[in-house]
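Structure first, commentary second.
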Amino acid sequence: MEVEQIVKATKEIYGETSNIYVGYGRTKLVSFSYGDPLTEEEIERFEEKTKWGVPEAFRNFLRLHNGAVLFDDPEYGGGPEILSLDNIVLMNRFYKLWPNSWYPIVDLHVSVILIDSERVKAGRDDYLIWMWKTGAIEDAQYLNVEFTVWLDRFIVTHGEDFWLW
């Protein structure tokens, strides 16, 4: 499945708000919001400015939406955020817990999903990393999947940290 198909299916299934099953017979209302699309030129300018490689799957997402908040609480907020390019730069400046070749793409509030730009530039698909925001770099874990697989599994598990199971 491609990123475009995953996003389209997510919008068709969940719409802007939806009740999702959270276990033990309970459901909760969640909402979804998406940023505007980016052009390839905007993504290339980001790469030139930051010197980071952007993998094709994440590029495809950015061409659809420059960021998104998924499984958000409509009343209180706080849903996982796929970062916009501006928020990637801001979060990277604020936390700076990781090597210069890594950059954040998903804010999970207490943890973060990052891209290892060196692995992207080497043509590898195992470029996603998960780590606690306050954790040691030694505790960071490669997820051994690319963005499309991660996004698909994240949607299917209703925004759960499936990589910790």
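Laboratory data are not the source of any read-out in this text; all were calculated from the coordinates shown. Keep in mind that what you see is a predicted model, and the values were worked out from it rather than measured. Virtual Cβ from ideal backbone geometry, glycine too; neighbours counted across all protein chains shown.
Any idea which of ALA140, GLY35, ILE115 is furthest toward the positive side of the dipole for the chain, if Lys and Arg beta-carbons carry +1 and Asp and Glu beta-carbons -1?
ALA140
Using 0.36 nm times the number of residues separating GLU2 and THR27, minus their current alpha carbon distance, what extension gain do you get?
6.2 nm
Tell me the trypsin sites (Lys or Arg not before Pro) within region 104-165 that lie in a loop according to DSSP and have at most 14 other beta-carbon atoms within 10 Å.
ARG124
Measure of size requested: the Rg and Dmax of region 1-79, with Cα atoms as the atom set and Å as the unit; please supply both.
15.4, 49
Using the charge dipole of region 1-108 (Lys, Arg: +1 at Cβ; Asp, Glu: -1 at Cβ; taken about the Cα centre), state which of PRO99, TYR21, GLY78 has its Cα farthest towards the positive end.
PRO99
Hey, can you rank 7-14, 88-95 by average C-beta count inside 10 Å, highest first?
With the highest mean Cβ count within 10 Å placed first, the list reads 88-95, 7-14.
Angle, helix 40-50 long axis vs. longest principal axis of the chain, Cα atoms, 0 to 90°, nearest 10?
60
Once you have the Cα-Cα distance between ASP73 and ASN19, take 0.36 nm times their residue separation minus that, and quote the gain in nm to one decimal.
Between ASP73 and ASN19, full extension yields an extra 18.4 nm.
In degrees from 0 to 90, rounded to the nearest 10, what is the angle of the helix 85-95 Cα long axis to the longest principal axis of the chain?
Between the helix axis and the principal axis of the chain, the angle is about 80 degrees.
Between helix 147-156 and the chain, what is the angle of the helix's C-alpha long axis to the longest principal axis, kept within 0 to 90° and rounded to the nearest 10?
10
What's the magnitude of the charge dipole for region 3-159 around its Cα centre, counting Lys and Arg as +1 and Asp and Glu as -1 at the beta-carbon? Answer in Debye, nearest 20.
280
Could I have the simple spin-label model distance between ASP161 and TRP132, label points 7 Å from Cα toward Cβ, reported in nm to one decimal?
Modelled inter-label distance: 0.9 nm.
With each run of n ≥ 4 DSSP H residues scored as -39500 (n - 2.57), what mean residue ellipticity at 222 nm is computed for the chain after dividing by its residue count and rounding to the nearest 500 deg cm²/dmol?
Helix-only estimate at 222 nm: -10000 deg cm²/dmol.
Using alpha carbon centroids, what distance separates region 90-165 and region 1-35, in Å?
That distance is 21 Å.
Given the Cα atoms of the chain, and with Rh set as the inverse mean 1/r over their pairs in the Kirkwood sense, what is Rg to Rh to two decimals?
0.95
Quick one: what do you get for region 74-165 if you divide its Cα Rg by 2.2 N^0.38 Å?
For region 74-165, the normalised Cα radius of gyration comes out at 1.05.
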